[in-house]
Protein chains: 2
Amino acid sequence: MIRWLGPTFVQHGFKGRDLCKANRPEIPECMGAVCAAVYLIVIIIFIPFPFYKDIVAATSGGGNRDVVLEVHHVNEGRFLHRFPHSKLASYLSAILSLQTIALLGLSDDLFDIRWRHKWWIPGLACIPILVPYLGELFDLGGLYYVYMACIAMFCPQSINMLAGINGIEVAQSIVIALLLVFNDCLYLFTPYPHPATDSHLFSLYLLLPWLGVSFALLCHNWFPARVFVGDTYCYFSGMVFAVVGLLGHFSKTLGLLLVPQLFNFLYSAPQVFGVVPCPRHRLPKLNARTGLLEPSVTPWDPDNGVQPRPWVAPILLLLARFRLLQVTLDKRGRFLETSNFTLLNLWLVIRGPLREDRLAAEVTALQFAVGALGLFARHRLALLVFKEDNLGMTLG
Amino acid sequence: MIRWLGPTFVQHGFKGRDLCKANRPEIPECMGAVCAAVYLIVIIIFIPFPFYKDIVAATSGGGNRDVVLEVHHVNEGRFLHRFPHSKLASYLSAILSLQTIALLGLSDDLFDIRWRHKWWIPGLACIPILVPYLGELFDLGGLYYVYMACIAMFCPQSINMLAGINGIEVAQSIVIALLLVFNDCLYLFTPYPHPATDSHLFSLYLLLPWLGVSFALLCHNWFPARVFVGDTYCYFSGMVFAVVGLLGHFSKTLGLLLVPQLFNFLYSAPQVFGVVPCPRHRLPKLNARTGLLEPSVTPWDPDNGVQPRPWVAPILLLLARFRLLQVTLDKRGRFLETSNFTLLNLWLVIRGPLREDRLAAEVTALQFAVGALGLFARHRLALLVFKEDNLGMTLG
């Protein structure tokens, strides 16, 4: 469908120029919307399958011995059984949140919503997943509720911030999804039923189709990209992880896999909060002569007195000393340029100029390494230190 | 927001020409998407409110005497109560269906999906509302399931077919919603609790906000229209009624209110199924000299042998005899023109040329009259004939 809908998207104005190529080709934008649509159809049609056992129990009455049947005769003259409506409600609220972020992401791609309004997009989309928990608000505690809201708002935004070069949005999502799937499998293939099996099964239901559509998109979005993914993809992908982490009750594990995103977010803070000026695009800059990407820079204007504030300047110089920032000073020690505060630019500052696909591959590898290390620490080291690890039971 | 977003919509290509005006002004299109978005936000935020009683019961444990508390101590060490998760699941699946049709309607407005593909839009959108019922499939019977699917597919499509002049889409929706609200109130204001009270309360939750956004849209869409509603509005509106009718278990009553739509659908059949040629637009035609609307026509081409099939011609002549069709013959009795098969054109054939707002008002009045008569028949006459009327208990 990506290949098939590409020309249609271009025709209706969904197109963008690839700024990291010498000839700046115009290619279809917002192809993540196609992925989101296919994904939503798949998981909506999938709704009855996790409940198959319960449906059979309700109708045949005894085909499955392991399902407890409690048949009540109700006023209306219909037979009801103990159908897991709470599981169904979670599943539905998850789909609802995902669909909301698809709608909002689409409207962002359509109308180019301003940066300060964009912050509200994941906030709105996480309402469906959080609101049904209001019933348990007093059980959970207000703080935990705020924590859940932060997770749901951080994930989509952070994926959307680590973007700008071909394939990086999809590749990072695939790495995170694969590590989450691996983590789920640890709980499923234990010799005996684990109390968290159900929630990890739920997580697999949502992650596997997302991996499917993401791989399809990566084929077309990897360097040299033939389509762009659009904000829809980034928001949606982040929301898939948030939904899975919240409903699967493993948001801390999810946090370990999002360390590069968290770092990117914190590193971006100076520009996001206006301590350092923030241009419209911060993606790395192509050096047309070498064909390699170099860190993009924000210019300062010393002649017109545009300089970092007194308390900011020494910090910038300190970062430059540790090669965490590229700073260009003039002869009088005034700031001429500083590289933009994104992980991609930082990687180029550290590693030197790289080709676009090389940069994407290295950052993806970094994502994998950090995530795998995080999972290892979670499952092995936590066992030694805290003795409260879930996997401990099987390893014990 | 309609007034505020109008220029933005035009700027991003959501605009259309009003073919029923002499100067064919260009105005914002697809404003129903704004209504749908506001409506969705409202009902998503409203999710916890219908469950307030249950939430209080779960947390304070006894504030409400009428809520049965069954506290089980479960393995995980958490206290659970009998939260009505099945009601929550219905509510969530309703919102999910509505959001799906908003997404699909939007993509229709964006990409101008072909007529034969459009038929699938309500079909896809009704999956979320029908799929959770699979659990009760054997209780309900396959035929009832098909019946529900037909309702869910017919409502959105039929509202979308009775369209084409300023205000008619919104006005018919408002009339239907008002009559449904009236019908709900009959069940709510009974002296003692009625078994169907809950489902009619649920129906009010969904209908009242829809009335709100529809009235706002009508202000801008009534003759002379300053905005168009787009397919999104029609599909969405139909889906609101379908959802309410299905989950409230009063789909037969809903059918009584949709008689004009059903008639329009059946009357359109010859053109939809290709017995008579179907042009792209079938809306009434403006006579620029008089400023009145006249029936639009489909031309036949007798010189090139384009004539109705032998078995069709006498039916067309018979319809013309009863003033249910406008037919123009040449001197040799060959067909030159027939009016298009829509309720709006038929009304103009019967009543003669009308001004656009007059036509919209009259068809809306017809909708109200037919619906009110239907409700009257449902509640009063059914009482006399079948003695199985719900209201019967209070009228008894």
Can you give me the pair-distance distribution of the stretch A:81-219, C-alpha pairs, 10 Å bins, whole percents? 10, 31, 39, 16, 3, 0
List the distances, in nm and shortest first, from the label point of A:Phe189 to the matching label points in every other copy, placing each point 7 Å from Cα along the Cα-to-Cβ direction. 6.6
Relative to the compact-globule estimate 2.2 N^0.38 Å (N residues), the Cα gyration radius of the stretch B:102-179 stands at a ratio of 1.29
PRE reach from A:Arg355 (point 7 Å along Cα→Cβ): which of the stretch A:154-180 fall under 16 Å by backbone N? A:166-167
Mind checking the log10 I(q)/I(0) for the stretch B:311-360 at q = 0.20, 0.30 Å⁻¹? Debye, one equal scatterer per Cα, no solvent, two decimals. -0.69, -1.17
Could you work out Rg/(2.2 N^0.38 Å) for the stretch A:245-292, with Rg from alpha carbons only? 1.72
Cα axis of helix B:197-221 to longest principal axis of chain B: angle in degrees, 0 to 90, nearest 10? 40 degrees
Scanning chain A for GluC sites (Glu not before Pro) in DSSP loops with at most 14 other Cβ atoms within 10 Å, what's the longest stretch left with none? A:77-387
To one decimal place, what orientation-averaged projected area in nm² is obtained for the convex hull of the Cα set of the stretch A:150-200? 4.3 nm²
Between A:Ile45 and B:Trp115, what is the spin-label point distance in nm, taking each point 7 Å from the Cα along the Cα→C-beta axis? 2.7 nm
Loop-located trypsin sites (Lys or Arg not before Pro) in the stretch B:94-131 whose Cβ has at most 15 other Cβ within 10 Å (DSSP): B:Arg114
Using only DSSP helix segments of four residues or longer, with each worth -39500 (n - 2.57), what per-residue ellipticity at 222 nm results for the protein assembly as shown after dividing by its residue count and rounding to 500? -18000 deg cm²/dmol
FRET E, pair A:Leu143, A:Lys252, Förster distance 25 Å, beta-carbon r, rounded to 0.05: 0.95
Cα extents of the stretch A:221-362 along the three principal axes, largest first (Å): 56, 37, 25
Can you work out the Karplus-derived ³J(HN,Hα) for every residue in the stretch B:146-155? Use 6.51 cos²θ - 1.76 cosθ + 1.60 with θ = phi - 60°, whole Hz, and x for glycine or proline. 5, 4, 4, 4, 5, 4, 5, 8, 6, 3
The lysines whose Cα lies under 30 Å from the Cα of B:Lys331, excluding any fewer than 8 residues away in the same chain, are B:Lys285
Could you work out how much longer the chain between B:Trp311 and B:Thr8 gets when fully extended? Use 0.36 nm per residue separation minus the Cα distance between them, nm to one decimal. 103.9 nm
Using only the Cα atoms of chain A, construct the convex hull and provide its projected area averaged over every direction, in square nanometres to one decimal. 25.1 nm²
Quotient of C-alpha Rg and 2.2 N^0.38 Å, computed over the stretch A:141-258: 1.11
Suppose every K and R has +1 on its Cβ and every D and E has -1 on its Cβ; what is the size of the dipole of the protein assembly as shown about the Cα centre, in Debye to the nearest 20? 1560 debye
Pop out the carbon and sulfur fraction of the accessible area of the protein assembly as shown as a percent, whole number, probe 1.4 Å. 64 percent
For the protein assembly as shown, what are Rg and Dmax over the alpha carbons, in angstrom? 30.3, 100
Using alpha-carbon positions, what is the distance between the centroids of the stretch A:195-237 and the stretch A:260-277, in Å? 26 Å
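The values are calculated or read from the model by the stated rules, or taken from the named source; none is laboratory data. The model shown is predicted, which means the values in this text are computed figures rather than measured ones. Note: ideal-geometry Cβ built from the backbone for every residue, glycine included; neighbour counts use all protein chains shown. The area values use the complete protein model at the heavy-atom level, side chains included, leaving out ligands, DNA and RNA. Shrake-Rupley method; radii C 1.70, N 1.55, O 1.52, S 1.80 Å.
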